[in-house]
Amino acid sequence: MIYKKEEEYKVKFYEDAKTGRSPVLDYIAHLSDKEETKVFKYINYLKINRGVLDEPYSKHIKGKIRELRVDFSNNRHRIFYFTFINKNIIFLHAFLKKTQKTPPEEIKKAENNYYNVINDYEKHKQK
């Protein structure tokens, strides 16, 4: 019997079409070394688990959008993402959560980036 090796999930970061910059990578770049390490550890954990993590690591936000929850000391980092065609995990938006509820404007930013990805399908699909 022949077994096909299961294809691994890939991680991508949304890039703004106008600036070419990634809001998530920009956010992570401004974290301390320890916080950055923990964020990438959680991203890798998400990748290993094929884009699916339960609470407390991840939480559903709206539609296909979920948040990766990385707590470090008193800092609560939230990174919005969704799984896309061809086993891609696309990170959309990141912010430091300071209130009990997720601010609607942060969700709106993630939604806008999500729709930009969906509307520019060719750029974001990977084979």
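What follows is calculated from the coordinates using simple rules that are stated; it is not laboratory data. Because the structure is a prediction, the values reported are computed rather than measured. Positions of Cβ are generated from backbone atoms using ideal geometry, with glycine treated the same way; all protein chains shown enter the neighbour counts.
Choose one answer from K18, K109, K59: the residue with the largest mean-square fluctuation in a GNM of the chain with alpha-carbon springs under 10 Å.
Between K18, K109, K59, it is K18 that shows the largest mean-square fluctuation.
Compare the peptides 97-108, 46-57 by average per-residue count of other Cβ atoms within 10 angstrom and give them in order, highest first.
Sorting 97-108, 46-57 by mean packing, highest first, produces 46-57, 97-108.
What residues qualify as long-range amide H neighbours of F84, i.e. H under 5 Å apart, gap of 5 or more or another chain, H built at 1.01 Å from N?
I89, I90
If one takes the longest principal axis of the Cα atoms in the chain, at what angle in degrees, from 0 to 90 and to the nearest 10, does the Cα axis of helix 104-119 lie?
That helix lies at roughly 20 degrees to the long axis.
Could you please report the charge total around R76, scoring K, R as +1 and D, E as -1 over all other residues with beta-carbon less than 13 angstrom from its beta-carbon?
Overall, the nearby charge balance is +3.
Can you give the calculated 222 nm mean residue ellipticity of the chain, where each DSSP H run of n ≥ 4 adds -39,500 (n - 2.57) and the sum is split over every residue, rounded to the nearest 500 deg cm²/dmol?
Calculated mean residue ellipticity at 222 nm is -10000 deg cm²/dmol.
Using only the Cα atoms of the range 1-114, each taken as one equal point scatterer with no solvent, compute I(q) by the Debye sum, divide by I(0), and report log10 of the ratio at q = 0.13 Å⁻¹.
Result of the Debye calculation: -0.48.
Where does helix 33-48 land angle-wise versus the long Cα axis of the chain, in degrees 0 to 90, nearest 10?
So the helix axis and the longest Cα principal axis differ by about 30 degrees.
Mean separation of Cα pairs under 8 Å and 6+ residues apart, divided by the residue count of the chain: what relative contact order is that in percent?
24 percent
Sort E67, E15, E36 so that the residue with the fewest other Cβ atoms within 10 Å of its own Cβ comes first and the one with the most comes last.
Sorted ascending by nearby Cβ count, the order is E36, E15, E67.
Put a dot 7 Å past each Cα toward the Cβ at D26 and T99; how far apart are the dots in nm?
Reported label-point gap for T99 and D26 is 2.2 nm.
Which of rounded, prolate or oblate describes the range 31-76 when judged by the alpha-carbon gyration tensor and an a/c cut-off of 1.5?
Note, shape of the range 31-76 comes out oblate.
Of K38/K98; K64/K108; K62/K98; K34/K62; K59/K109; K18/K97, which pairs sit farther than 23 Å apart, going by alpha carbon to alpha carbon?
K34/K62; K18/K97
If the label point is 7 Å along Cα→Cβ of I118, which residues in the range 35-68 have backbone nitrogen under 11 Å from it?
Within reach of a label on I118: 63-65.
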